[in-house]
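The values are calculated or read from the model by the stated rules, or taken from the named source; none is laboratory data. Only a predicted model underlies this, so the values are computations on that prediction, with no experimental measurement involved. FYI the Cβ positions are ideal-geometry reconstructions off the backbone, even for glycines, and counts take in every protein chain you see. Ligands, DNA and RNA are stripped out before the accessible areas are found, and what is left, the full protein with its side chains, is counted by its heavy atoms. Shrake-Rupley method; radii C 1.70, N 1.55, O 1.52, S 1.80 Å.
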Amino acid sequence: MSDFWSRLLSLFALMAFVALIVWPIAGPVWALLVVCVGLLGQLIFHLRQLQQLNQWLANPQVRAVPEGRGVWEDTFVALYHLARRQSVSQQQLSKALARFQRAGEAMPDGVVMLDANDQIEWFNPIAAQQFGLNPKTDIGNPITYLLRQSQFNEYISAHNYSEPLVMKSSRSPDTTLAIQLVPFGEELKLLISRDITRFEQVETMRRDFIANVSHELRTPLTVVGGFLESLQDYTDLSEEDRAHFFDLMRDQTLRMQRLVEDLLTLSRLESAANPLQEETVPMSQLLQQLLAEAQGLSQGRHRIALEVLSESALLGSESELHSALGNLISNAVRYTPQGGEIMVRWEVLHGEGRFSVKDSGIGIEARHIPRLTERFYRIDRSRSRETGGTGLGLSIVKHVLTRHQARLEITSEVGHGSTFSVVFPASRLVNAAAVA
Ligand code: ADP
């Protein structure tokens, strides 16, 4: 028999026992009265327990389960265990929800949760920044109302979200966003937005680069093709004309060769699989070599001087430094008219190694200076070509310097000349004693 029934039976047995004692002493009326008082007491007791239960049910999260007595004890104990289990699972749920929310907030992309009516339920800080959303005022607003862009409205109403929508951000027109809607649950949606501005820039640079290379190769190829046709068609050309055509074709072929070599150099410098070779480069020897090359290029048209003011050597790749510093010297020769002066200097200033080339050449307008190291950026295209330039020289210089943690400084005045300086960090300097 259960605890409940045995308690109830013992209660009735007690009342019957008391009534049986009272009956012979005071008569049946008193015995009945005793039973009635007992039952009334029981009624009040149960009503009191019920009232406590009701009070607790009105606010189960805040109040503790009341302590039941008598037959109510089991009920309240069971309720207590049930409430405890519920509270534990609720805590676990809240923790899991908080974890998901934190994960959503930590996402590098913007995330907006939308309900069945495309109203905003939640968004992370990146989405707030990308779309200018405010957590205090925008929760519950329709997303289409906040992102008032026809492209977006068309995308959301088309119900085909297999491809992302690429659009300019309404907040900053320089930012490009890729927006993807992901339906989930019952008519709910996640809006994921990614800033692809950098990716787009790289893509544009890649397209421009291919277009530039094709253009640079097409011109000499057309020239060579034209001369070959002429040689084929005009069999009666004089030896002199023929030699002249061959000379011109050789020039164009050399131009293509230089371009391809520069492209290969750039690609080698950019390759992650090509770590920098660290060797001690004696600067005075390297500079003497570069001076001889510059004199060869100048053919006596300029006065070229070299000042080696420090015996320090450099730690780095000799071939790369040769190419970068040689490029700066050859530019000085190429962009300085006949009779001009070029001064090459190596010194240690404030603990840093400084290589500089100063020319008295044509100079550069200030607005061009920040763009000079871009691939194929030339101020005067025809002058660059006439002097055998590919438009990649300073781009190569920039890459080599980056690999040596060095920086390029350019000062120039139109008509008066330019100074290109390369500053190497102290960590790349090797003192004279160590070199000897
Ligand atoms: P290029 O092969 O055309 O010389 P570079 O990348 O070496 O390409 O140089 C880019 C541009 O910078 C050149 O086309 C030229 O207009 C300018 N430039 C570079 N060095 C000098 C200089 N010493 N004096 C004047 N202009 C220069």
Q. Residues in the range 336-358 that are without any contact (Cβ under 8 Å) to a residue 60 or more places away in the chain, of a type outside the set (A, V, I, L, M), within 12 Å of the ligand (Cβ to nearest atom) and outside any loop (DSSP other than H, G, I, E, B): how many?
A. 0
Q) Considering only the range 335-355, how many residues are surrounded by 19 or more Cβ atoms within 10 Å (Cβ to Cβ), touching a Ser or Thr at 6+ places or on another chain (Cβ under 7 Å) and not hydrophobic (A, V, I, L, M, F, W, C)? A) 3
Q | Scan of the range 68-82 for residues that are exposed (fewer than 13 other Cβ atoms within 10 Å of the Cβ) and assigned to a helix (DSSP H, G or I), ordered by number | A | Ala78, His81, Leu82
Q) Which one is nearest to Glu307 (Cα to Cα) among residues in the range 359-369 that are part of a loop (DSSP other than H, G, I, E, B) and either small (Gly, Ala, Ser) or open to solvent by 50 Å² or more (accessible area, probe 1.4 Å) (or both)? A) Ser360
Q.
So for the range 421-433 (the condition being within 16 Å of the ligand (Cβ to nearest atom), at pLDDT 95 or above and not in a helix (DSSP H, G or I)), does at least one residue qualify?
A. yes
Q. Does the range 48-67 hold any residues that are closer than 20 Å to Leu14 by Cβ and open to solvent by less than 100 Å² (accessible area, probe 1.4 Å), and which are they?
A. Gln49
(Q) Name the residue that is nearest to the chain's Cα centre (by Cα), counting only residues in the range 359-368 that are more than 9 Å from the ligand (Cβ to nearest atom) and within 19 Å of Leu408 (Cβ to Cβ). (A) Arg367
Q) Tell me, which residue of the range 370-411 that is in a strand (DSSP E or B) and touching a helix residue (DSSP H, G or I) at 6+ places or on another chain (Cβ under 8 Å) is nearest to the ligand (Cβ to nearest atom)? A) Ile410
(Q) Condition first: β-branched (Val, Ile, Thr), open to solvent by less than 20 Å² (accessible area, probe 1.4 Å) and at pLDDT below 95. Can you find one or more residues in the range 399-408 that meet it? (A) no
Q.
Kindly evaluate Arg7 against the criterion of being open to solvent by 100 Å² or more (accessible area, probe 1.4 Å) and either touching a strand residue (DSSP E or B) at 6+ places or on another chain (Cβ under 7 Å) or assigned by TED's automatic domain parsing to the domain that holds Ala78 (or both).
A. no
Q: Among residues belonging to the range 223-252 that are of a type in the set (A, V, I, L, M) and touching a residue at least 12 places away in the same chain (Cβ under 8 Å), point out the one that is most open to solvent (accessible area, probe 1.4 Å).
A: Leu228
Q.
Kindly evaluate Phe376 against the criterion of being of a type in the set (A, V, I, L, M, F, W, C) and on the phi > 0 side of the Ramachandran plot.
A. yes
Q.
Looking for something touching a helix residue (DSSP H, G or I) at 6+ places or on another chain (Cβ under 9 Å), open to solvent by less than 70 Å² (accessible area, probe 1.4 Å) and more than 13 Å from the ligand (Cβ to nearest atom) - is there at least one such residue anywhere in the range 412-419?
A. no
Q: Of all residues in the range 313-329, count the ones that are farther than 17 Å from Pro425 by Cα and of a type in the set (Gly, Ala, Ser).
A: 3
Q | Some residue of the range 58-72 being farther than 30 Å from Ile156 by Cβ and touching a Lys or Arg at 6+ places or on another chain (Cβ under 8 Å) | A | yes
